[in-house]
1. Could you tell me whether any residue of the stretch 8-19 is open to solvent by less than 10 Å² (accessible area, probe 1.4 Å), under 21 Å from Met146 (Cα atoms), at pLDDT below 80 and not in a loop (DSSP other than H, G, I, E, B)?
2. Answer yes or no as to whether Arg440 is open to solvent by 30 Å² or more (accessible area, probe 1.4 Å), assigned to a helix (DSSP H, G or I) and not aliphatic (A, V, I, L, M).
3. Could you say whether any residue in the stretch 364-371 is crowded, with 24+ Cβ neighbours inside 10 Å, without any contact (Cβ under 8 Å) to a residue 60 or more places away in the chain, of a type in the set (Gly, Ala, Ser) and farther than 18 Å from Thr162 by Cβ?
4. Any residue in the stretch 133-150 that is part of a helix (DSSP H, G or I), open to solvent by 20 Å² or more (accessible area, probe 1.4 Å) and among the β-branched types (Val, Ile, Thr)?
5. What is the number of the single condition among (1) of a type in the set (Phe, Trp, Tyr); (2) open to solvent by 30 Å² or more (accessible area, probe 1.4 Å); (3) part of a helix (DSSP H, G or I) that Trp245 does not meet?
6. How about the stretch 372-407: which of its residues are open to solvent by 20 Å² or more (accessible area, probe 1.4 Å) and in a helix (DSSP H, G or I)?
7. Please indicate, with yes or no, whether at least one residue in the stretch 202-209 is touching a Pro at 6+ places or on another chain (Cβ under 7 Å) and not in a helix (DSSP H, G or I).
8. What is the residue count in the stretch 263-279 for residues that are open to solvent by less than 70 Å² (accessible area, probe 1.4 Å), under 24 Å from the mean Cα position of the chain (by Cα) and without any contact (Cβ under 8 Å) to a residue 60 or more places away in the chain?
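The values are calculated or read from the model by the stated rules, or taken from the named source; none is laboratory data. Note that the coordinates shown come from a computational prediction; the quantities given were computed from them, not determined experimentally. Virtual Cβ from ideal backbone geometry, glycine too; neighbours counted across all protein chains shown. Heads up: the accessible areas ignore ligands, DNA and RNA and are worked out on the full protein's heavy atoms, side chains in. Shrake-Rupley method; radii C 1.70, N 1.55, O 1.52, S 1.80 Å.
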Amino acid sequence: MSRTPSFSKGATTSSAPTATVSMPHRQILKAFTGLLSALLVAMLSSTIVSSALPTILADLHGTQGHYTWVVTAMLLTSTATTPIWGKLSDLFSKKVLYQTAIVIFTVGCVLGGFAQSMPHLIAFRALQGIGMGGLQALIQAVIAAMIAPRDRGRYAGYIGATFAVATVSGPLVGGFIVDSPLGWRWSFWVCVPIAVVSFILLGRTLKLPVVKRDVSIDWLGATLIVGGVAVLLIWITLAGKDFPWWGPHTAALLGGAALLIAAAIVVESKVREPVVPLHLFRNRTFTLSVIGSLAVGTAMFGGTVFLVQYFQIARGFSPTIAGLLTLPMVGGMVGSSTIVGRIVSRVGRTKPFLVAGSLVLLLGLALLSQVDHDTNLWQMGVFLALMGIGVGSVMQNLVLAAQNTVGMSNVGAATATVTFFRTLGGATGVSALGAVLASRVSDLVAQSLAARGVPATGGIPGGGNLDVEALPAPMQEIVRAAYGDATGTLFLISALIAVVTVLAVVFIRETPLRDTLDLDEGPDEEPRPVRPSAAGHRPASGHATNPRLACARPRTDSRPEPRRPMPGAHRPPTPHVTTTRDT
């Protein structure tokens, strides 16, 4: 039977008895379907459009610079706004914010389909990114508001599965739409009906408690964070392409990003409601979860991006076949995230699965570092499955471990912070690994030409976008071999980064997942590790800081019931806490 939290209804004081109304499991599933549908269309929008970009550029007379900014604009706004969405969810209704993110994303999709020029399309993609940042950041916060950590693993596993499905199915759907009579504009509009259904479904099924409190929004800190992250991501995206990695442009961008982020840290340490509460980083488990997510993001995003390129360029497969060849990785992610999530909910522990998953991820990446242009495809499938199992076991459980260390007042900011660093790690990894790939391919092509007695002059193929089919047959063989052999180097670098994830999860403090939505401890403390009793009962969770957000569960410990005061006895005055429900 599913364990569902109980929410208090109406506004009462602590001196009055409170009735609780449990959110039925069926209602949770309906609301969860709406949450996942919105997240799926957000992830699909980025992968579907990637297949249509060459056609879009030809139709709207775009350049290579436009190509870069269509991708970068959405990445910039989604990553930079993630912490802001998370903090807003701690101050306002999570349901309303999630629906707002759906609306912003949907408007961006509709306008993108009507774009008549590349600058307009880039602007609409940036608008889509703002909505996508909210959907990525808020889904975990919404789950945390209606499901206790002990039961959260089974649902978090489905989020990882959604990421995996969107990663592979997006290019397939995009290719089908572009090749059909519908045209590239429907690559934007195809997501709109699903987003509308998600909005309506959430409006009908999602009922969350809203605790009223004084709101103080840190606009200065938010502006500095967005500015610092945007400048950093611009450097990551353009360095090595539009200007050298080391030079005046790099110094100016990195210096500006450092100044903005330093100013943001100063502001965040002084305001009452910081966008990123710095006190969370005093918690060892939270800090290590952030570090582990940074490395997982690098391995996950970098691996998936360059795998498709490997199958297309190095092995000569079509985009559709290349997407299908990544199914072992997707199957591993879907299976492990779902199965491990259910087991975590049953046993109430995350660390064993974090350690095992990170080791499997490291093994898969180490094996993939041995691939070249003629590696057996069955072996590749096994290696990809191992990588997928590792990512699926680690990614969502790191978020769950971080959420287990904070109370409801900071769950949105904590969730968004982990998601932010995972996305930032992915963006950094894709850019850095792309630069390594271009350099390595150029070196290998030069070596092959030199071995054949051909001088390697400027403009060696392989450093950028390349139509291999347009090259002479002998040159095709050289370039395909170079891409295949260079891909192994990328996975070797990813494996070295995965070592950071292994070390981070090894040193995470083992803390059983609590059965209440809120913490017993203060905001800066880690939950105290609790061991099961000899009788095999699950540890009692104590009283929540906010009793109106606590799960109603039977007591299983041996402590005597507190004595009720006699009628008319003196009671100390208690503050009035107002709690409402989303409607």
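1. Residues of the stretch 8-19 open to solvent by less than 10 Å² (accessible area, probe 1.4 Å): 8.
Next, only the ones that are under 21 Å from Met146 (Cα atoms) stay: 8.
Narrowing the set further to residues that are at pLDDT below 80 leaves 8.
Retained after the next criterion (residues that are not in a loop (DSSP other than H, G, I, E, B)): 8.
The answer is yes; a qualifying residue exists.
2. For Arg440, the condition - open to solvent by 30 Å² or more (accessible area, probe 1.4 Å), assigned to a helix (DSSP H, G or I) and not aliphatic (A, V, I, L, M) - is met.
3. Kept after step one, since they are crowded, with 24+ Cβ neighbours inside 10 Å, are these residues of the stretch 364-371: 364-365, 368.
Right, trim to without any contact (Cβ under 8 Å) to a residue 60 or more places away in the chain and you get 364.
Next, only the ones that are of a type in the set (Gly, Ala, Ser) stay: 364.
Checking the rest, the ones that are also farther than 18 Å from Thr162 by Cβ come to 364.
Yes, because at least one residue in the stretch 364-371 is crowded, with 24+ Cβ neighbours inside 10 Å, without any contact (Cβ under 8 Å) to a residue 60 or more places away in the chain, of a type in the set (Gly, Ala, Ser) and farther than 18 Å from Thr162 by Cβ.
4. Scanning the stretch 133-150, I find no residue that is part of a helix (DSSP H, G or I), open to solvent by 20 Å² or more (accessible area, probe 1.4 Å) and among the β-branched types (Val, Ile, Thr), so the answer is no.
5. In the conditions (1) of a type in the set (Phe, Trp, Tyr); (2) open to solvent by 30 Å² or more (accessible area, probe 1.4 Å); (3) part of a helix (DSSP H, G or I), Trp245 misses (3) alone.
6. Leu377, Trp378, Gln379, Val382, Phe383, Ala385, Leu386, Ile389 - these are the residues of the stretch 372-407 that are open to solvent by 20 Å² or more (accessible area, probe 1.4 Å) and in a helix (DSSP H, G or I).
7. Quick first cut of the stretch 202-209, residues touching a Pro at 6+ places or on another chain (Cβ under 7 Å) only: none.
The answer is no; no qualifying residue exists.
8. 3
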